[in-house]
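Bear in mind that the values in this text are calculations on the coordinates, not laboratory data. Every value quoted in this text rests on a predicted model; they were computed, and no experiment measured them. Reconstructed Cβ throughout: ideal geometry from the backbone, glycine too, with neighbour counts over all protein chains shown.
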Amino acid sequence: MNKSKLQRLQQLVGAPVEVRVIPRTEWEQAGGSKHPETGDCLERADSSWLLAKADGSEFKVIDIRAKLTPLERELLGWALKPVNAKPQAGASDSERQARKLGDWIEQCIAAGDVRAEVPNQFELRNRLFDGMIPFLLQNEQADDREPSYAELEKVFRSFISDDMFLVPLREREWLVLGSDRLLAEVDSPEEDAPEQDETKEVLYSLATGLHQMFTEEWGGECHVAVGMPIIPTESLVQTVSTLRETVYLGRRFHIGMQVHLPWMVHLERLLSGIPESTRARFMEEMMGRPDLFTEPETITTLDAFFAMDCNVSETAKKLFIHRNTLLYRLDKLKQETGLDVRSFNDAVLVRIMLLLYKVTKRK
Amino acid sequence: MAGVRLEHVYKKYPGSDKASVTDFNLDIQDKEFLVLVGPSGCGKSTTLRMIAGLEEISEGKLYIGDRVVNDVAPKDRDIAMVFQSYALYPHMNVYQNMAFGLKLRKFRKDEIDRRVREAARTLEIEHLLDRKPKALSGGQRQRVALGRAIVREPQVFLMDEPLSNLDAKLRTQMRANISKLMKRLETTCIYVTHDQIEAMTMGDRIVVMKDGFIQQAATPEELYNHPINLFVAGFIGAPAMNFITGQLVEEGGSVHFKATGVNVEVPEGKAKVLRSKGYIGREVIIGVRPEDLHEEPVFIEASPKSIVNASIEVSENLGHEMYLYLNGLGKDSVIARIDGRSGLQEGQNVKLAIDMNKIHVFDTESELNILEN
């Protein structure tokens with residue numbers, strides 16, 4: 001909700017209004033539902049919270065410093081509900097089928113049945129036997145209106161081809177299935193089809209292209225995850241679950257990145273599963289200097305060093321600095337921490353520290 | 001074409017106490033090439049993203065032309081963006097890449113064709129129109145990304161570090177290409193970079209930012225010759241301006257600046273200002289550009305009251321010029337840029353004269369340029 005709308009709301013309810021981001025635990029401790037929906041209202045001692053967005057462990061709430069009447073609660077809740085969450089009258093057949101499929105995927109994930117196969121009753125099923133590339137797209141744009149299914153489908157058809165499916169999942173989240181023939185289209189006609197080991201690179205370039213297109217030409221900022229080609233009937237639920245987790249991990253550990261790859265977040269997944277207290281103890285033991293990573297130059301240098309597979313020359317080239325400057329920086333780090341990132345064991349420790357530091361810092 | 005105006009714009013992220021951009025006021029003229037520059041985290045990209053509509057404006061108003069666009073979606077702002085990660089659409093050829101945005105906006109086929117071919121001609125990529133991005137070099141891809149923006153014929157171009165993925169040689173080349181292109185297109189352009197050389201060479205006007213605040217907005221010449229504070233003085237110029245901390249004292253009717261190894265007379269014009277502002281007897285920082293330290297005998301002879309002696313710690317000869325890293329002038333090392341044929345070497349002692357007419361004097365507490373404020 002933008003500033004002017006907040007001011008308008010403030011005038012309407014006659015009380016101060018602000019948008020806050022709270023942890024899920026705070027919502028639950030205040031008596032909120034464990035599975036809340038956008039628009040849910042929570043009455044507190046001196047204020048009312050309206051849920052604007054639930055994003056994993058963080059909730060965006062509109063904090064109104066007044067008690068709302070039941071009618072106000074209902075009206076505001078209704079206004080916040082996503083406009084296109086349900087198919088509108090006049091929705092096309094493909095939209096109805098896609099929404100049905102999306103609901104089924106959500107139900108399977110909620111029930112923990114990620115291995116479920118698309119049941120026979122879905123009319124779409126027959127079209128889900130071919131190899132397809134799954135993209136998960138989460139739109140972040142601070143805009144009140146969610147784009148309509150028909151509009152979006154048209155955009156993706158223009159971008160990918162007619163041979164695609166758009167499946168709405170949660171609010172502002174879509175699964176885009178494009179034919180795996182796209183992989184071959186990345187090469188010029190005279191070139192051979194991509195080798196197996198090139199596939200991931202091609203998928204990444206398709207995902208960045210999709211992100212760029214959506215951001216610039218259509219709906220503003222978004223996050224995209226892409227998976228290896230699948231036969232949708234067999235592994236649709238599993239794929240959505242993995243891609244959603246990939247976006248979550250990518251956003252948590254790699255702030256600033258918008259395109260996320262499941263095969264690039266293995267370590268992050270592992271670290272995410274370690275209890276908070278264990279992580280804190282590790283950081284406490286390892287960080288000789290608590291301000292070690294507060295210098296952006298150190299983080300940039302280490303990020304580039306690890307991205308370049310610990311290759312000094314390539315890292316220096318990527319950072320546009322002299323090789324000796326890089327060596328000086330790495331030596332300085334060694335002096336301060338006793339860890340030499342040019343040795344494998346120390347590199348592993350620093351990489352883990354860096355990932356955990358980013359999560360801690362964000363908190 | 002249109003100008004862009006930001007009025008008291010703030011960006012504050014939820015959960016953060018500090019604003020990422022604070023009270024940003026700027027009037028960007030129609031057809032102006034404006035560069036936002038500053039160190040990482042200074043808020044320059046956030047400002048650009050707010051103009052693009054990719055970040056919500058927490059407070060303040062943004063105008064494109066006469067229209068307030070705070071609540072207008074990015075696609076409806078009539079802007080074109082070129083970012084650092086200029087991802088092309090890998091499954092489309094160059095022509096399709098450039099045409100896609102227009103196709104989405106339902107332009108007529110012949111109009112799309114005209115615009116794509118015209119942009120391709122401007123960018124000299126006509127021969128690449130059938131190629132897929134994979135078959136292009138870094139520089140060619142960058143030009144296609146620019147082409148994709150140009151065909152839109154937007155009111156404003158927004159560019160966020162578009163050259164940072166290119167190697168040094170290509171960057172220099174593309175820098176000139178973009179400048180030429182923008183002059184030819186006569187469109188407003190807002191360009192973000194952390195590279196002050198890019199800023200100085202490309203911008204009609206430069207906005208230097210730090211910690212979310214505008215430090216100074218001025219032409220490149222103005223910024224270089226009249227920096228408003230210590231930060232701008234140190235940020236603009238390579239090698240950076242030298243800073244020497246010392247005291248201003250009145251001696252025999254003239255003002256002298258004294259620091260370790262330095263005792264030089266301040267020209268009367270500057271001395272008058274310093275006297276009137278009560279700086280005599282106080283500690284100040286003087287700023288000297290590396291090129292304002294001279295070793296030529298003629299200059300030294302003509303400047304007997306600004307001579308200093310130093311030892312050369314390191315010398316870097318670039319051929320046409322030489323950088324001397326000097327010890328003995330103030331607490332920190334001082335850099336002098338001199339003629340490459342001077343023959344001076346490491347370990348030597350050298351006599352230099354400071355061009356005192358070009359020095360800057362900064363307040364040690366406020367860090368403001370005393371002579372400019």
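Things to note:
- Overall form of the stretch A:93-268 per C-alpha gyration tensor (a/c, 1.5; a/b vs b/c): rounded
- For chain B, the longest principal axis of the Cα atoms and the long axis of helix B:138-150 meet at an angle of about 70 degrees.
- A:Ser161-A:Asp331 pseudo-label distance in nm [points 7 Å out on the Cα-to-Cβ vector]: 5.6
- On Cα atoms only, tilt of B:168-185 relative to the major axis of chain B in degrees: 70
- Calculated FRET efficiency for the pair B:Lys358/A:Ala184, C-beta based, R₀ 56 Å, to 0.05: 0.35
- Taking 7 Å steps out from each Cα toward its Cβ at A:Phe282 and A:Thr25 produces label points 1.9 nm apart.
- Net lengthening on full extension, B:Thr201/B:Glu126 (0.36 nm per residue, minus Cα-Cα): 24.2 nm
- At R0 = 22 Å, FRET efficiency that the Cβ-Cβ distance of A:Glu295 and B:Ser333 yields, to 0.05: 0.55
- Three-way shape label, the stretch A:265-363, alpha-carbon gyration tensor, a/c 1.5: prolate
- Normalised contact order of the stretch A:278-327, rounded percent, pairs of Cα under 8 Å and 6 or more residues apart: 21
- With only Cα atoms counted, the stretch B:4-235 has Rg and Dmax values of 17.9, 55 Å.
- Estimated distance in nm for a label pair at A:Asp340 and B:Asp23, the labels positioned 7 Å out from Cα along Cα-to-Cβ: 5.2
- Cβ-based net charge around B:Lys75, under 10 Å, with every Lys or Arg adding one and every Asp or Glu removing one: -2
- Mean projected area of the convex hull spanned by the Cα atoms of the stretch B:329-373, taken over all viewing directions: 4.7 nm².
- C-alpha long axis of helix B:109-123 to longest principal axis of chain B, angle in °: 30
- Among B:Glu198, B:Glu313, B:Glu372, sorting on how many other beta-carbon atoms sit within 10 Å of each Cβ, with the fewest leading, yields B:Glu313, B:Glu372, B:Glu198.
- Simple Cβ-charge dipole of the protein assembly as shown, Lys/Arg +1 and Asp/Glu -1, about Cα centre, in debye nearest 20: 900
- Cα gyration tensor category, rounded, prolate or oblate, for chain A with a/c compared to 1.5: oblate
- Rg/Rh for the protein assembly as shown, where both radii come from Cα atoms and Rh is the Kirkwood radius: 1.01
- Comparing mean-square fluctuations of A:Asp40, A:Asp130, A:Asp340 from a GNM of chain A with C-alpha springs under 10 Å, the top value falls on A:Asp340.
- Restriction of the GluC sites (Glu not before Pro) in the stretch B:84-144 to DSSP coil positions whose beta-carbon has at most 11 other beta-carbons within 10 angstrom yields B:Glu124.
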